[in-house]
Structure formats: C-alpha cells, structure tokens
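Accompanying notes for the structure given below.
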Amino acid sequence: MAFVAVLAAFPYFYNRVDEEVRLRIQRKFANHYPDLQVTVRSAKIVEGEGIEVRGLSIVEPGAEGPRAELAHFDELFLHCNADLPELLRREPVIRRITLRRPMFQVTRRPDGTWSTARLLPLPKFSDEPPVINVENCTVEIFDPLKNPSSTLTCRDANVTITAPEGAGAQPGGNDVLVEGFFAGDHLQRVEFKGRLAQSGQRWEWSGSVAGLQLSPELRNSLPSGLSEQLDLLGALRSQAEIEFHLTRDPDREKPLDFDVRARLERGRIDHPRLPYPLTDVWATVQCTPQRVVVQDFKARNGQSSLELRGYRNGYAAGSPFYLEANCQRLLINRQLFEAAPEAWRDQWYKFFLTGVIDANLKLHYDGQTYQPELVCHCVETSFTYHKFPYPLVGGRGVITLKDDQLNLDIRALSGAEEVSVRGRIANLRTAPGGLIEVTGDSLPLDQKLFDALPGKTQEFVRALHPQGTFNLGARFHWQPAPAGSGAEPVVNKQLVLNLNHCAIRYDGFPYPVYNIRGTIDVADDRWEFRDLRGTNDTGQIHCQGYFSTAGGGEVGLRFTGSNIALEEELRNALKPHLQQAWNDAQPRGRVELESDVLYRFADKHLGVSVRVVPIGETVSIEPVYFRYRFEKLAGAIRFDDGKVTFERISGRHGDVAISTRGTCELSPEG
C-alpha cells in the first residue's frame, strides 16, 4: 500500500516541480525586464532533454496606442541537463534555446522609438551564451504615426543566433552572430547573416532578397522615414533581386552605412514627371548613403526605346543628379514637353517641334539649375516658329543644345519642296541672341503661307491673290534684351522672296498680271517690291513699290506697262465711275501705261491714278456722246480718282486732223 501511495504522489510532485520551474523562468524574465509585464502559461521538465516553456508573453504596461504586447513565444525549449536533482540544486546550464512560432510586434511609439527596442539586451541564461534557434517566426512592423498607418509583415522566419566562442568571458564581448531566412509581404525570400550587439545600437547585416515586388503598395507599407526616402517606389512596379550590406555604429559621425545592389526586371514606371509610362524596365541600381547609381537601364514605350545611366547625390527632392540617356524613335509632342523643365517648355512652344527623333541627352542638375546637353537626330518631324508660323513637315537633321546654346541644321518639306533651316541661338535661359536662316526653292504661294503672316501683312497679301512659287531666303536675327530687364529679345526679320512665274490680281487695281519674276525684300515691318516683271497677253508690265505696317499700314505700288491692249480686262480694273468714262470714250488699240496705287489701312483710302500713252497709230476712240471716230491718237490720257485729263491729244478722222486738251470731272456716281 505504501508503494501505491508513493506512485500516486508522483504526478502531484512533478506538477509542483513544473510549477516551480515556470515561476523561476517567469521571475528570470521579469527581473531582466523590470518595466515590462512577463507571463508564462506553463513549463515542463522533459527528462534528458531540457525544459519546455509554453505561452511566454512580454507586454509593455501602459503603452499608448495599439499592440502593447511586444513578443509572444508559443513554445520556448531550453536544452539543458534535465536531471531533477540537478535542477533542484542549482541553475541549469543552457546549451541551446529553440523558439517555436514566436510573434514580435514592432510598433513605433509616439516619441518615435520602436517598442521592441525594450527587449534589448536579451536575457543572459549562462556565462557562455547558448545557441538560439528560431523556427517559424513572425514579425509585424506597425507604424501608427503615418497617415494612413502602415503595416509590414515578415513571416516564416528561421534564424540561428550564436555567440563567438568565449564571447561571454570577454569584456564587451556581447555581440551575437545571426543567420537565417524569412518571407513576407511583397517578397518571396530573404537570406541574411549578421552581427548584432546585445544593446541593439550596433549591428552589421548582409544578404540577398529574391522575388521582391517593388510597388506603391510596398512603399506605403514601409515605416515613415524610410517610405519618404524611397519616393521612387511610388511610381515603380517591378520584380527585383537584391544584395545588401548594412551597418550601424553609433560612434561614427553618420551611424548608418549601407550598400544595396538591385537588379530590376519586367518593370513599369508611372511618374507624374514622365509624359507617358515606361514599360519593360530592366536596370541595375546601387544605393549607398551618398548616392543612387543607375546602370544598364532599359525601357520602352510603344515604338520608343530608352537606355540611360546616371546618379543622384542624396535622397531629398532637390538633390543634385546627373543623367545620360539615349532614346530611339522618341515621340515628341505636347505631352512630353509638359513634363520637361520650364526653360525647355518655353523653347519648345516657340518652335512647336513634333514628330519622331533619336535623342542623346546629358543632363546635370546642381540642385538649383539644369545644365542640359542634347543632340536630337530628327527622323520624321514637323515644326513651326511662333514668329512666323509656317509649318514644315518631314524634317530630318540635327538639333543640339549645349552650354545654353541651340544649334539647328534641318531639312524639311513645304509641300513637295525642301526647305533648309540652319542657325544658332545662344544664352537661351538668360538673354537669347543669335541667327536662324531658312532657304528653299520653288515653294508654293499657298494657304499655309498666307496664314503664317501677321494681321495687316496677311490682309495685303491676300488682297494680291498671288499664285505660283518662290525661292526663299530668310534670316531671323535675335537681339538680346538688356541684362536684367526681363524684356523679350527683339527679333529682326529679313526675307528675300524671288518669284517664279507667279500671278497676281490686286483688289485695289484688279488687272491680272502673269509670269511675274522679281524680288520682294522684307525687313521687319516693311516690304520692298523690286523689279517685278510680268505679262498680260502681249503686254509687258513692270512693278515697283512697298508695303509698310508702320503708322497704321500703307501700300504704294507703281505699275508701268508697254504694248498693253485697251480691252475690257484693263477697263474692269478701274473704279466704277472711271469705267463709265472708259465706256463713254470707247478706246481701242495698244498703249503704254503708268499706274500708281496707294492704299491706307487706317482710313481704308484707295487712290489709283492711271496714265495711258498710245503706241504708234494703233489707238482710236469713238465717244458715245459724239459719234465721231478718232484714229491714230497721240498724246496721253490720265485717270485720277474721278478726274480725266487729256494731255495734248491729237488724232485724225479721215483727212481731218484734230487736237485737243482738257479735263473731265466725274462724280462717284459717274
């Protein structure tokens, strides 16, 4: 019976021992963390193996905000000599600790510190630090100070923690070696190893990351501070492979040091500074505290392909950077230049370049100003200069921008004819000055040319109803505005138009002239018509004159003609009341003609005078009011705005010789 009683007492005895072990472990953690609340649900001695502890929880009492529990260990196994008498006599020697399914909740507190910092240094279980194996660990990083708050979870962590041999006996030898792997949100696997001081203030880590999904969602899940520094992740989606080396030493001037190298694959970038998204992104990136270096960057957008390399010194929004880019088949449009620096946008609007180019760009930003160097090979472009919006298409050639100087050497088409545009503009951002020359042969006098002319000039040219082609030589000379004036540069325009078999019919004197050749000089706001020669049937016509927009605008033309037929076409060019005088006289034959035309835009005054001199004995008249035919007329007749002057007119009627002179005043009604 006594033996049976002893056997019956064994469970009670071992339960009391397990409870004593639980209390001893709980007190050990509580003594190490006097400001934290520690509870242990149960403990059990496993003979020959060690002590099994379950339900170890460490809580921060009175913590503000959520997640007061810092750590929870589902199972903690202390590998030691589990002999009961030995345990009752002294503290066991822990050789290894196995943590199964621990959960750490890392929370940023209102003062900016992290909650789990209070877990360091770790408790000391023996003079010689044991090996610690962590199995299936979960770490949840929560930042409630962000708006909105962020959470990043690492799971399935398996870690081994060891101390260098003899570290426990060395002064300051409290570093531990950590090695392991884990998975988590937005990544497949992280492998790492490192050295960590018990205080947690000094550490060194290296390792690799596989299957990392870079995205705005990853950036938003990162704690504040880190998420702001990685603002690029707000625009990037990509799969990445990473190798890293991180160190922290509080004794250094800059405690944190890191070297992170990433390989991006199959990425996409949607950034507000980009005109359109980049796809098929591949790149190699290196990040250090000093700079970000991008190498072998490749991307596409539709038919466009992009390669670049560069660096950025620092991580602030205005950090200096350098960029080299090579783009093939780049589409130039308004959307692209809306995303460019303001100085570039201003120049683009002046030339309105669109189409497809191959571009090489070097761009340096010192934190205040941009220093671009750009070489554009035009593949198929069109452009229009804002001072003379005459569109040219099919442009091919080179545009360079370097040292604040723009150089152009382009050949484009106007209709089917080629136009050459060459020039240089210096000091683009401060005081633009330079010269652009435009040349072309056999260009059409067409609607797009008329539309490019300014108001009064366009009105005058349209009144000429010109047709045909011309050879163009144009010079646009920029005169820089005075330094600091803020004024726009003065652009002097000089154009030379050589006419090729053109035709006009001016509204002020609508007598058609064909096969016109000659030169028109345009200097700023004044046109000079020099040696214009044309024909009308057998008549030869010569024209000189000017057009000026000064003083409200004025046109002055002088026509001289020889062998001009007195026919209805000439009569119809006169004002109605002069046409009546013509009808009354009924002239016939051929004459020499002089005509002066003056038109003022301000008061819309049109003055026309015509002087007619008969040629040989070809001219005759037969007045309606005096049916007596005069032939072989000589002398001259002049028509001046309602007045007809007969200058020494002589003629014959049969054997009768007649001569006369005089004037005739005509009212506007005839």
Checklist entry - Between the DSSP loop rule and a limit of at most 16 other Cβ atoms within 10 Å, which trypsin sites (Lys or Arg not before Pro) in the stretch 88-119 are left? => result ARG90, ARG95
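Could you give the accessible area per residue of the chain, probe 1.4 Å, as a whole number in Å²?
52
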Checklist outcome for this item: the chain: relative contact order from alpha carbon pairs under 8 Å, six or more residues apart, as a whole percent, is 4
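In terms of solvent-accessible area of protein heavy atoms at a 1.4 angstrom probe, what is the ranking of VAL190, VAL398, highest value first?
Largest to smallest exposure gives the sequence VAL398, VAL190.
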Next on the checklist: Using only DSSP helix segments of four residues or longer, with each worth -39500 (n - 2.57), what per-residue ellipticity at 222 nm results for the chain after dividing by its residue count and rounding to 500?
Outcome noted: -4000 deg cm²/dmol
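May I ask you to derive the relative contact order of the stretch 373-423, considering only C-alpha pairs under 8 Å and at least 6 residues apart, and to give it as an integer percent?
Rounded, it is 30 percent for the stretch 373-423.
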Checklist entry - Roughly how much of ASP531 is accessible, in Å² to the nearest 10, using a 1.4 Å probe? => result 80
Checklist entry - Which three extents, in whole angstrom, do the alpha-carbon atoms of the stretch 548-648 cover along their principal axes, largest first? => result 49, 27, 24
Checklist outcome for this item: To the nearest 10 degrees, the tilt of helix 2-32 (Cα long axis) against the first principal axis of the alpha carbons of the chain is 40
Checklist outcome for this item: Cα-based Rg then Dmax for the stretch 437-532, in Å, read 15.4, 53
Checklist entry - Using a 1.4 angstrom probe with every protein chain in place, what is the largest-first accessible-area order of CYS664, CYS154? => result CYS664, CYS154
Next on the checklist: How large is the accessible surface of HIS364 in square angstrom, using a 1.4 angstrom probe and rounding to the nearest 10?
Outcome noted: 60
Next on the checklist: Using the Cα atoms of the stretch 350-466, I'd like the radius of gyration and the largest Cα-Cα distance, Dmax, both in angstrom.
Outcome noted: 16.4, 56
Checklist entry - Which one of LEU78, PHE104, LEU56 has its Cα pushed farthest toward the positive end of the charge dipole of the stretch 29-154, where Lys and Arg give +1 and Asp and Glu give -1 at the Cβ? => result PHE104
Checklist entry - How much accessible area does VAL293 have with a 1.4 Å probe, in Å² rounded to the nearest 10? => result 30
Checklist entry - For the stretch 225-309, how big is Rg over Rh, using alpha carbon atoms and the Kirkwood form of Rh? => result 1.05
Checklist outcome for this item: The Rg/Rh figure for the chain, Cα atoms and Kirkwood Rh, to two decimals is 1.38
Next on the checklist: Loop-only GluC sites (Glu not before Pro) in the stretch 517-595, please: DSSP not H, G, I, E or B, and at most 15 other Cβ atoms within 10 Å.
Outcome noted: GLU567
Next on the checklist: Contact order normalised by length for the stretch 583-661, with contacts defined as Cα pairs under 8 Å and 6 or more residues apart; what percent is it?
Outcome noted: 24
Next on the checklist: Tell me the carbon and sulfur percent of the accessible area for the chain, rounded to whole percent, probe radius 1.4 Å.
Outcome noted: 52
Checklist entry - Within the set LYS44/LYS193; LYS350/LYS493; LYS193/LYS254; LYS402/LYS448; LYS493/LYS575; LYS44/LYS124, which residue pairs have Cα atoms separated by over 25 Å? => result LYS44/LYS193; LYS402/LYS448; LYS493/LYS575
Checklist entry - How would TYR628, TYR33 rank on accessible area, largest to smallest, probe 1.4 Å? => result TYR628, TYR33
Checklist entry - Roughly how many debye, to the nearest 20, is the charge dipole of the chain about its Cα centre, given +1 on each Lys and Arg Cβ, -1 on each Asp and Glu Cβ, and no other charges? => result 400
Checklist outcome for this item: For the stretch 14-142, the percent of all C-alpha pairs falling in each 5 Å bin, from 0 up to the bin holding the max distance, is 2, 10, 19, 23, 20, 12, 7, 4, 2, 0
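The values are calculated or read from the model by the stated rules, or taken from the named source; none is laboratory data. Quick caveat, the model's predicted, so the values are computed rather than measured. With ideal geometry, Cβ positions are generated from the backbone for all residues, glycine too; neighbour counts draw on all protein chains shown. We work out accessible area using only protein heavy atoms, side chains counted, and drop any ligands, DNA or RNA first. Shrake-Rupley method; radii C 1.70, N 1.55, O 1.52, S 1.80 Å.
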